[in-house]
1. If you scan the stretch 279-301, which residues turn out to be among the small types (Gly, Ala, Ser) and in contact with a strand residue (DSSP E or B) (Cβ under 9 Å, 6 or more places away or on another chain)?
2. How many residues are surrounded by fewer than 20 Cβ atoms within 10 Å (Cβ to Cβ), of a type outside the set (A, V, I, L, M) and touching a residue at least 60 places away in the same chain (Cβ under 8 Å) when one looks only at the stretch 104-144?
3. Please verify whether the stretch 39-51 includes one or more residues that are β-branched (Val, Ile, Thr), surrounded by 23 or more Cβ atoms within 10 Å (Cβ to Cβ), touching a residue at least 60 places away in the same chain (Cβ under 8 Å) and under 20 Å from residue 144 (Cα atoms).
4. Return the residues of the stretch 178-208 that are surrounded by fewer than 17 Cβ atoms within 10 Å (Cβ to Cβ), in contact (Cβ under 8 Å) with a residue 60 or more places away in the chain and within 19 Å of residue 298 (Cα to Cα); say none if nothing qualifies.
5. Determine which single condition residue 73 fails, assuming it passes every other condition in (1) crowded, with 20+ Cβ neighbours inside 10 Å; (2) hydrophobic (A, V, I, L, M, F, W, C); (3) modelled with pLDDT of 95 or more; (4) farther than 26 Å from residue 183 by Cβ.
6. When only residues in the stretch 257-291 that are among the acidic types (Asp, Glu) and either touching a Lys or Arg at 6+ places or on another chain (Cβ under 7 Å) or at positive phi (or both) count, which is modelled with the lowest pLDDT?
7. Taking the condition of being touching a strand residue (DSSP E or B) at 6+ places or on another chain (Cβ under 7 Å) and among the acidic types (Asp, Glu), how many residues in the stretch 119-136 meet it?
8. Can you pull out every residue in the stretch 141-189 that is part of a loop (DSSP other than H, G, I, E, B) and either closer than 13 Å to residue 111 by Cα or of a type in the set (Asp, Glu) (or both)?
Amino acid sequence: MWIFGLNGNFGFSARSTAEQVTKGVDGTGLVAIVTGATNGIGKETTRVLALRGVHVILGVRNVKAGEKVKEEMLQKHPGSEIDVMEIDLSSQASIRKFAAEFIATGLPLNILINNAGMMSPPFTLSKDNIEQQFAVNHLGPFLLTNLLLDTMKKTARDCGKEGRVVNVASELHRYGYKEGIIFDKINDKTSYKPVIAYGQSKLCNILHCVELTRRLKEEGANVTANSLHPGVIATNISQNSSLLACVLGCANIFMKNVPQVNGLSGEYFMDSNKAKASSMARDPELAKKLWEFSLTFTEKN
């Protein structure tokens with residue numbers, strides 16, 4: 001963290017707000033999806049994206065709450081383009097439905113912000129019978145990104161602007177299981193430790209971007225993938241933990257079409273500055289293994 005208000009390598013500090021980071025940015029014509037957009041970081045991200053002229057799709061589990069946020073945003077920023085679509089990241093069927101419905105709109109997609117998540121609940125299984133934090137925090141974004149990636153690639157080709165995938169991670173990725181990812185015990189209730197499992201899922205968010213970057217570069221796609229921990233703030237994600245949940249201001253730095261971030265991919269950011277993730281989070285072999293492991297849960301037979 002860039003403490004005491006000192007600026008980091010991109011000129012921002014822990015005190016920098018989303019509006020400051022995006023000052024001067026014109027997002028007119030861009031389309032972004034923000035998951036978990038009804039409160040906290042997702043809501044603030046939506047507000048700033050709308051402020052900068054981006055057409056924002058709110059991917060929410062509670063449509064009624066999403067419509068309320070939309071109404072609030074339109075009151076603050078009349079003329080903004082905001083749509084609400086239902087998605088439940090604990091259900092792969094819901095994720096597939098969301099992706100299919102979005103693709104059917106024919107809209108381009110410039111920015112995908114995988115923000116929605118949960119923190120340190122008691123051991124629970126998702127609707128697909130997978131440990132809930134691994135399912136919601138990692139497999140959900142993994143599947144959603146894969147389903148929307150062709151649309152992002154096409155958008156980048158058609159408009160000539162770099163597409164951007166952003167995973168909201170956390171500094172707690174450093175404090176997961178000692179093995180990093182307990183591949184053989186994902187659903188083992190006896191091995192489950194709520195906060196440590198959260199750290200595991202955040203490690204997965206970063207590794208997801210590492211392997212996705214390798215694949216995107218290999219095919220020459222004009223899309224980047226980065227993860228971030230943009231700050232510490234108490235939001236309702238921490239309702240199951242005494243720990244402060246991270247994040248506000250999300251991926252707005254990645255909207256900037258400036259040399260600082262253009263072309264950067266597979267990186268980890270903190271407080272809107274490039275930072276160094278743990279050595280495990282930078283391990284390309286672990287990233288590949290996680291990718292293949294994730295496919296076993298998300299590919300249809």
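The values are calculated or read from the model by the stated rules, or taken from the named source; none is laboratory data. What you see is a predicted model; the values in this text were computed from it and never measured. We place every Cβ from the backbone using ideal geometry, glycine too, and count neighbours over all the protein chains shown.
1. Within the stretch 279-301, 281 is the sole residue that qualifies.
2. 5
3. For the stretch 39-51, residues β-branched (Val, Ile, Thr), surrounded by 23 or more Cβ atoms within 10 Å (Cβ to Cβ), touching a residue at least 60 places away in the same chain (Cβ under 8 Å) and under 20 Å from residue 144 (Cα atoms): present.
4. 183, 187
5. So residue 73 meets the others, but not (3).
6. Ranking the candidates gives 271 first.
7. Residues in the stretch 119-136 being touching a strand residue (DSSP E or B) at 6+ places or on another chain (Cβ under 7 Å) and among the acidic types (Asp, Glu): 1 in total.
8. 161, 162, 179, 188
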